[in-house]
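Inspection log for the structure reproduced underneath, given as structure tokens.
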Amino acid sequence: MSSKFVVGIDLGTTHSALAMAELSATDPHVTVLEIEQLVGAGAVAKRALLPSFLYFAHESEPALALPWDAERRFCVGELARSRGAEAPQRVIASAKSWLSYGGIDRRAGNLPLGAPDDIEKISPVETSFRFLDHLNEAFRAARPADGDLSEQEVVLTVPASFDAGARDLTVEAALAAGFEQVTLLEEPQAALYAWIERNGDAWRSHLHAGDRVLVVDIGGGTTDFSLIDAVEQEGSLGLSRVAVGDHILLGGDNMDLALAHVVGQELAEQGKELDRFQLGALAHACRSAKEKLLSDASLQEVAVVLPSRGSQLLGGSIRGELRRDQVERYLLEGFFPAVAATDLPKVRARAGLTQVGLPYASDAAITKHLAAFLARHAFAEPATGAADSRPPTAILFNGGVLKAEILRTRVIDTLNGWLEQRGSAKARVLPGEDLDLAVARGAAYYGLVRHGRGLRIRGGTARAYYVGIESPMPALPGLEPPVFALCVAPFGMEEGTQAALPPQELFVVVGEPVTFRFFGSSTRRSDPAGSVLERWRPGELEELPKIELVLPPAGRAAGDVVAVHLQASVTAIGTLKLEAIAQTPLVADERWQIELSVRHGSSSDA
Amino acid sequence: MTVTSLPLLSRIWLSWLTTFRILFDGRFAAQVLALRAGQVSDDSSAPPALPITPADSARAHSRPPAADAALQLLALLQREGRFLDFVQQDVAAFPDAEIGAAARVVHEGCRRAIRAHARVVSVRTEAEGAPLTLERASEDVKLVGNVAGSAPFRGVLRHRGWRVEELKLPTMVGEHDLTLVAPAELELS
């Protein structure tokens with residue numbers, strides 16, 4: 001089946017967007033599809049962004065009808081977000097963060113957390129599926145002649161920091177939505193593709209072989225870093241993604257909440273107590289006050305007014321203000337402090353017993369997270385083994401937070417300070433625009449690139465993957481047996497390739513689920529499949545959710561022990577596949593797929 | 001504006017009608033001239049260039065206001081900017097500072113609502129207070145002050161005027177009572 005369009009979908013933590021390009025056009029250009037959604041009770045309108053919120057109607061409410069479904073009892077988009085502020089237990093927010101969090105079973109119905117009994121809770125995977133399904137319905141409604149998204153080639157973006165399991169689950173949601181031709185793309189790469197698309201052929205005069213681009217992507221809920229090199233490739237310029245950062249749950253929403261807290265504190269000191277609704281309204285008011293202060297240097301303060309909740313607007317409203325010095329102190333110095341390159345984020349020890357909740361970053365200083373990323377991939381001494389460690393020469397910004405010039409300036413000044421100290425040249429800024437829609441646009445452009453219409457960023461997998469093997473030793477009370485890490489997938493595997501078969505055997509009991517500890521490393525770039533690490537430096541290996549293998553008893557007796565080898569491959573979609581291959585197969589090519597995203601054990605947080 | 005072809009009888013009727021109107025209505029004649037020269041834009045926001053129903057020439061065109069759209073707009077302004085709360089309240093007893101604080105809420109919200117659903121532009125782009133010469137009378141510009149004489153009209157631009165170039169109100173889906181521009185709220189604890 002040949003598709004008419006390539007469709008890029010940015011499935012974001014706080015917003016989603018869809019862009020598309022016609023494949024048969026001689027000079028295809030990328031357009032953004034406005035997404036029809038409920039914006040008020042019974043009111044449907046088209047918006048460029050679909051807020052990533054899902055609301056479940058209560059029995060007291062009429063159906064949340066859409067033009068294509070009169071009976072629907074849930075909604076996604078703008079109304080879901082605003083209803084969520086009024087009835088928070090009935091709404092799912094940040095589903096994408098849950099999708100990448102191994103602390104819960106991501107296929108089990110557990111969202112919204114703390115929902116009342118009348119709601120049938122759904123899983124993070126199903127929530128993502130419902131967002132994609134809505135995009136599909138909106139596409140069908142807007143372009144009735146073009147079928148639906150299952151007939152198009154879909155490029156779905158994921159954070160570069162998503163591990164193999166979270167990528168798998170994203171694809172699972174896409175397949176459930178019927179997208180048969182789906183490919184994954186890392187968001188920072190999508191941002192660079194959008195920049196290339198916008199600049200046309202002129203981009204080659206902005207970037208030269210030897211350039212290293214640092215992509216800083218700060219969205220509503222997450223912060224993502226990548227390094228992409230411009231390299232000489234058979235006489236012409238090519239791009240290669242060389243490093244990605246850790247998954248950092250820190251974004252614009254945290255900033256608005258921090259400012260709301262500051263203003264709320266001041267109001268409390270004046271004896272004005274706020275209820276939950278007013279606190280929500282305060283975060284909202286602080287966001288727009290912040291945007292005004294950041295965009296107009298002549299303003300010293302902006303009034304923040306919380307309207308009374310009743311129909312009498314005057315008399316009951318609470319008036320506070322957000323001052324420039326507060327924005328500078330809490331936003332600039334709190335989230336973007338000018339720190340030294342050696343100033344790494346504080347790591348807070350996890351409490352032994354924590355409530356179920358997302359693992360938000362414990363240090364809010366984004367510049368420190370950037371310092372940690374660069375310390376690993378750009379400023380490391382060559383002797384430490386991090387191959388090809390050199391500083392960035394250019395920077396590309398993405399994400400709504402970085403619309404504020406003062407924040408971009410702080411990031412670039414801090415970075416250039418570090419570069420100067422090391423005697424490196426300053427990095428220049430690649431001019432971007434429309435930081436909200438760039439990822440979706442870039443994803444659609446990548447769809448064209450896959451058809452040979454543009455330059456492809458090479459990169460492969462951003463991590464090497466390891467299976468934990470307990471070393472055989474006598475049991476000692478109170479001591480955990482040491483764990484070796486067996487590399488099964490080397491760094492930088494390209495789509496459609498297979499890793500070498502490691503010689504080591506693992507033993508699996510037939511008919512019983514066997515779980516393995518699973519690790520990823522974004523810094524160990526030269527371990528081939530089959531190499532075994534007996535020790536590693538702190539932070540070098542990151543423990544991921546456990547993986548699981550169940551050998552069906554077909555042909556074997558339950559309880560038998562079978563020796564297997566583990567082999568990794570990267571699918572055409574861009575997901576990692578791990579298979580166990582029997583050492584003495586009963587039938588030709590006997591292999592079993594290993595489940596990558598099972599529930600994270602509570603004791604395994606390294 | 002969709003252009004459809006008229007049957008022969010209507011065309012005969014129309015040509016008889018327009019002959020006299022071209023003779024006695026200079027503005028109408030100018031519009032017909034523009035139509036012949038192909039200058040009429042396809043823009044649906046432009047006023048219709050030719051009245052094609054005979055009744056129009058006899059009496060002023062009148063139509064009932066579109067209540068649904070007006071109710072929707074009121075609901076929008078209330079939801080985003082507490083518009084009805086503000087105008088329904090008696091503000092006489094409150095100090096200016098408090099009215100000012102409320103005005104910020106109303107201003108910011110209503111502005112957001114208007115910007116999201118309409119494209120509003122100035123009718124004239126010249127500076128207010130500057131002298132302006134109008135070559136011919138037009139609905140775009142209302143003459144005030146010593147209104148007499150004939151074109152060209154010389155005066156001072158007092159107000160630039162506003163035109164809604166595009167209005168995109170949400171589509172209504174399902175059974176909803178549009179007169180309920182803001183339901184009452186009951187908080188459960």
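The values are calculated or read from the model by the stated rules, or taken from the named source; none is laboratory data. Here the structure is a predicted model, which means the values were calculated and not measured. Virtual Cβ from ideal backbone geometry, glycine too; neighbours counted across all protein chains shown.
Residues that are on the phi < 0 side of the Ramachandran plot and over 26 Å from the mean Cα position of the chain (by Cα) within the stretch A:414-427 comprise A:Asn416, A:Gly417, A:Trp418, A:Leu419, A:Glu420, A:Gln421, A:Arg422, A:Ser424, A:Ala425, A:Lys426, listed in sequence order. One residue alone among B:Leu84, B:Leu76 is farther than 17 Å from B:Lys168 by Cα and within 11 Å of chain A (Cβ to nearest Cβ), and that residue is B:Leu84.
If you go through the stretch A:89-102 and keep only what is part of a loop (DSSP other than H, G, I, E, B) and touching a Pro at 6+ places or on another chain (Cβ under 7 Å), you end up with A:Tyr101, A:Gly102.
Of all residues in the stretch A:115-134, exactly one satisfies the criterion of being among the basic types (Lys, Arg) and assigned to a loop (DSSP other than H, G, I, E, B), namely A:Lys121. Suppose we keep only residues that are touching a residue at least 24 places away in the same chain (Cβ under 8 Å) and in contact with a strand residue (DSSP E or B) (Cβ under 9 Å, 6 or more places away or on another chain) within the stretch B:104-113. Which one would you say is farthest from the other protein chains (Cβ to nearest Cβ)? Here the answer is B:Glu108.
Being closer than 19 Å to A:Gly210 by Cβ and either touching a helix residue (DSSP H, G or I) at 6+ places or on another chain (Cβ under 9 Å) or at pLDDT below 85 (or both) is a description that applies to A:Ala394.
A:Ala115: of a type in the set (Gly, Ala, Ser) and closer than 26 Å to A:Thr222 by Cβ, yes or no? In short, yes. Quick one: is A:Ala80 in contact with a strand residue (DSSP E or B) (Cβ under 8 Å, 6 or more places away or on another chain), more than 14 Å from every other protein chain (Cβ to nearest Cβ) and touching a residue at least 12 places away in the same chain (Cβ under 8 Å)? Spelling it out, A:Ala80 is indeed in contact with a strand residue (DSSP E or B) (Cβ under 8 Å, 6 or more places away or on another chain), more than 14 Å from every other protein chain (Cβ to nearest Cβ) and touching a residue at least 12 places away in the same chain (Cβ under 8 Å).
Could you look through the stretch A:182-192, keep only residues that are more than 15 Å from the chain's Cα centre (by Cα) and not in a helix (DSSP H, G or I), and pick out the one that is nearest to A:Val449 (Cα to Cα)?
A:Thr183
If you check A:Ala285 against the conditions, is it under 13 Å from B:Gly81 (Cα atoms), surrounded by 15 or more Cβ atoms within 10 Å (Cβ to Cβ), more than 9 Å from chain B (Cβ to nearest Cβ) and at pLDDT below 85? Here the answer is no, as A:Ala285 does not meet what is asked. Within the stretch A:381-402, residues that are within 23 Å of A:Ala440 (Cβ to Cβ) reach partners that are aromatic (Phe, Trp, Tyr) and modelled with pLDDT of 60 or more with beta carbons closer than 8 Å, at six or more positions or on different chains, in the pairs A:Leu396/A:Trp195. Check whether at least one residue in the stretch A:27-44 is without any contact (Cβ under 8 Å) to a residue 12 or more places away in the chain and under 26 Å from A:Ala438 (Cβ atoms), and report yes or no. So far as the stretch A:27-44 goes, yes, one or more of its residues are without any contact (Cβ under 8 Å) to a residue 12 or more places away in the chain and under 26 Å from A:Ala438 (Cβ atoms). I'm checking my understanding of the structure. Among residues of the stretch B:118-151 that are exposed (fewer than 10 other Cβ atoms within 10 Å of the Cβ) and touching a Pro at 6+ places or on another chain (Cβ under 8 Å), which one is nearest to B:Leu71 (Cα to Cα)? Residue satisfying both the conditions and the ranking: B:Glu139. Only residues that are surrounded by fewer than 24 Cβ atoms within 10 Å (Cβ to Cβ) and in contact with a Gly (Cβ under 6 Å, 6 or more places away or on another chain): list them for the stretch A:196-220, please. If the condition is that a residue be surrounded by fewer than 24 Cβ atoms within 10 Å (Cβ to Cβ) and in contact with a Gly (Cβ under 6 Å, 6 or more places away or on another chain), then A:Gly220 is the only one that fits. For the structure I just gave you, tell me whether A:Ala258 is part of a helix (DSSP H, G or I), touching a strand residue (DSSP E or B) at 6+ places or on another chain (Cβ under 8 Å), within 26 Å of A:Gly399 (Cβ to Cβ) and not assigned by TED's automatic domain parsing to the domain that holds A:Ala364. The answer is no for A:Ala258.
Taken over the stretch B:141-189, the criterion of being within 14 Å of another protein chain (Cβ to nearest Cβ) and basic (Lys, Arg) is satisfied by B:Lys168 alone.
Counting only residues that are exposed (fewer than 12 other Cβ atoms within 10 Å of the Cβ) and in a strand (DSSP E or B), the stretch B:152-162 holds 3 of them. Note on the stretch A:496-590: no enclosed strands (runs of 3 or more DSSP E) hold 2 or more residues that are surrounded by 19 or more Cβ atoms within 10 Å (Cβ to Cβ) and among the acidic types (Asp, Glu). Could you check the stretch A:395-423 and list, in sequence order, the residues that are over 19 Å from A:Ser226 (Cα atoms), part of a loop (DSSP other than H, G, I, E, B) and not basic (Lys, Arg)? Those that are over 19 Å from A:Ser226 (Cα atoms), part of a loop (DSSP other than H, G, I, E, B) and not basic (Lys, Arg): A:Ala404, A:Gly423.
Rundown of residues vs (1) touching a helix residue (DSSP H, G or I) at 6+ places or on another chain (Cβ under 7 Å); (2) surrounded by fewer than 20 Cβ atoms within 10 Å (Cβ to Cβ); (3) modelled with pLDDT of 90 or more, yes/no style:
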site	(1), (2), (3)
A:Trp68	yes, yes, yes
A:Cys75	no, no, yes
A:Glu78	no, no, yes
A:Ala87	no, yes, no
A:Val91	yes, no, yes
A:Ser100	yes, no, no
A:Gly103	no, yes, no
A:Leu113	no, yes, no
A:Pro116	yes, yes, yes
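Mind counting the residues in the stretch A:300-312 that are in contact (Cβ under 8 Å) with a residue 12 or more places away in the chain, at the interface with chain B (Cβ under 8 Å from one of its Cβ atoms) and assigned to a loop (DSSP other than H, G, I, E, B)? Number satisfying all stated conditions: 2. Among the residues of the stretch A:19-49 satisfying the criterion of being outside any loop (DSSP other than H, G, I, E, B), in contact with a Phe, Trp or Tyr (Cβ under 7 Å, 6 or more places away or on another chain) and not small (Gly, Ala, Ser), which is farthest from the other protein chains (Cβ to nearest Cβ)? Checked the stretch A:19-49; the qualifying residue farthest from the other protein chains (Cβ to nearest Cβ) is A:Glu22. Being modelled with pLDDT of 90 or more and within 14 Å of chain A (Cβ to nearest Cβ) holds for only one residue in B:Ala101, B:Ala118, B:Ala130, and it is B:Ala118.
Can you tell me which residue in the stretch A:50-66 is surrounded by the fewest Cβ atoms within 10 Å (Cβ to Cβ), limited to those that are more than 8 Å from chain B (Cβ to nearest Cβ) and among the small types (Gly, Ala, Ser)?
A:Ser60
Total residues in the stretch A:233-249 satisfying the condition of being out of contact with any Gly (no Cβ under 7 Å at 6 or more places or on another chain), in contact (Cβ under 8 Å) with a residue 12 or more places away in the chain and not in a loop (DSSP other than H, G, I, E, B): the figure is 7.
Residues being at the interface with chain B (Cβ under 8 Å from one of its Cβ atoms) and either crowded, with 16+ Cβ neighbours inside 10 Å or touching a Cys at 6+ places or on another chain (Cβ under 8 Å) (or both): count how many of those fall in the stretch A:313-322. Residues that pass the stated criteria total 4. Among the residues of the stretch A:162-181, is there at least one that is under 23 Å from A:Ala462 (Cα atoms) and in a loop (DSSP other than H, G, I, E, B)? Yes, that holds for at least one residue.
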